[in-house]
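This report refers to the structure that appears directly beneath it.
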Amino acid sequence: MTQASPLPAPSPIDALPNLRDLGGWTGSDGRTVRTGLLFRCTDLRSVHDDAQAVLAPLGLRTVYDLRSAAERDAVPDPALDGVTAVPLDVLADEERAIPGNLGKLFEDPEVVRGLTAHLEGQAREMMAGTYRNLVTMASARASYRRFYLGLLGDDEGPALFHCTTGKDRTGWAAATFLSVLGVDRDDVYDDYLATNARLLPALAPLFDGFAAAGGDPELLTPLLGVDRAYLDAAFARLESDFGDVAAYFAEGLGIDAEAQERLRERFLAG
């Protein structure tokens, strides 16, 4: 580990347990990822009514919403004074992807119960397939390109990015961000896997409701949690199609070597 704590920084907002600052990790040349500049999160439904006050300590100027239009319509982000909302539909080219339909699980566990036979034994591979698509799918590449152009200066910071549960589309954005800054791969995984400890306990009512409806709660874990194998699948696709992280940024996202260095100068201290 290259960070003092065995987990990423704790959430500063109790109602958003999967919120975290991506700063504090050690990156290129022993420099530290700056804190207070970029935050990852779930959607903001749990603070919607008083979001302005609750989120004020973060000093946000931009929020990147990685959800689909349908997800945004169903659970709109709160309007925040002085904050620019940037919608980025990462999974536009894969409308039936599990991460883009997780909202249905929050509203109706019966929906998933009806899919039990289809999901059993297949959920993890389906999720891994979506992660591979996060690397190569046109809508994902365009969305992540726009995200990084924003971080390079097209948008003001500090910034927050999120999807629905803050684990898949958000997880890949965080993993690539830390990777391009030179953060050790083990630390990238530690940030990614922290979601299981932070998010799953908060979803206990959903698991309970699914069980009450006659479903097996264990079937939800591959969908609502994260798994090392999912991130493995994404990095394996990155390496097979592009070779390494630098080439993925340059060829896949159109963020060339000079821009990658500007990201490091902007987000690394020391």
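Odds and ends about this structure:
- Residue match in segment 225-235 (condition: among the acidic types (Asp, Glu) and either within 13 Å of the chain's Cα centre (by Cα) or open to solvent by less than 10 Å² (accessible area, probe 1.4 Å) (or both)): no
- Matching residues in segment 151-166 - criterion: being more than 16 Å from the chain's Cα centre (by Cα) and at negative phi: Leu152, Asp154, Asp155, Glu156, Gly157, Pro158
- Of the residues making up segment 244-252, not a single one is over 19 Å from Ser143 (Cα atoms) and open to solvent by less than 10 Å² (accessible area, probe 1.4 Å).
- Residue check, Ala213 small (Gly, Ala, Ser) and either touching a Gly at 6+ places or on another chain (Cβ under 9 Å) or crowded, with 16+ Cβ neighbours inside 10 Å (or both): no
- When segment 252-270 is filtered for residues that are in contact (Cβ under 8 Å) with a residue 24 or more places away in the chain and under 23 Å from the mean Cα position of the chain (by Cα), the ones remaining, listed by number, are Gly252, Leu253, Gly254, Ile255, Ala259, Gln260, Arg262, Leu263, Arg264, Arg266, Phe267, Leu268.
- In segment 171-206, the residues that are at pLDDT 95 or above and more than 18 Å from Gly24 (Cα to Cα): Trp172
- Within segment 182-210, the set of residues being surrounded by 19 or more Cβ atoms within 10 Å (Cβ to Cβ) and among the charged types (D, E, K, R) comprises Asp187, Asp190, Asp191, Arg198.
- Among the conditions (1) open to solvent by less than 20 Å² (accessible area, probe 1.4 Å); (2) in a helix (DSSP H, G or I), Ile255 misses just one, which is (2).
- Enumeration of residues in segment 52-67 that are surrounded by fewer than 18 Cβ atoms within 10 Å (Cβ to Cβ) and among the aliphatic types (A, V, I, L, M): Ala53, Ala56
- Comparison of Ala97, Ala138, Ala142, Ala70 shows that the only residue that is at pLDDT below 95, under 24 Å from Tyr230 (Cβ atoms) and either open to solvent by 20 Å² or more (accessible area, probe 1.4 Å) or in contact with a strand residue (DSSP E or B) (Cβ under 8 Å, 6 or more places away or on another chain) (or both) is Ala70.
- Selection count, segment 240-251, where residues are farther than 22 Å from Ala128 by Cα and not in a helix (DSSP H, G or I): 0
- Taking each residue of segment 48-67 that is closer than 15 Å to Ser11 by Cα and modelled with pLDDT under 95 and looking for partners that are of a type in the set (Ser, Thr, Tyr) and loosely packed, with under 15 Cβ neighbours inside 10 Å with beta-carbon atoms closer than 6 Å, six or more apart or interchain, yields nothing.
- Of residues in segment 1-16 being at pLDDT 80 or above and hydrophobic (A, V, I, L, M, F, W, C), the one nearest to the chain's Cα centre (by Cα): Leu16
The values are calculated or read from the model by the stated rules, or taken from the named source; none is laboratory data. These figures come from a predicted structure and were not determined experimentally. FYI the Cβ positions are ideal-geometry reconstructions off the backbone, even for glycines, and counts take in every protein chain you see. We work out accessible area using only protein heavy atoms, side chains counted, and drop any ligands, DNA or RNA first. Shrake-Rupley method; radii C 1.70, N 1.55, O 1.52, S 1.80 Å.
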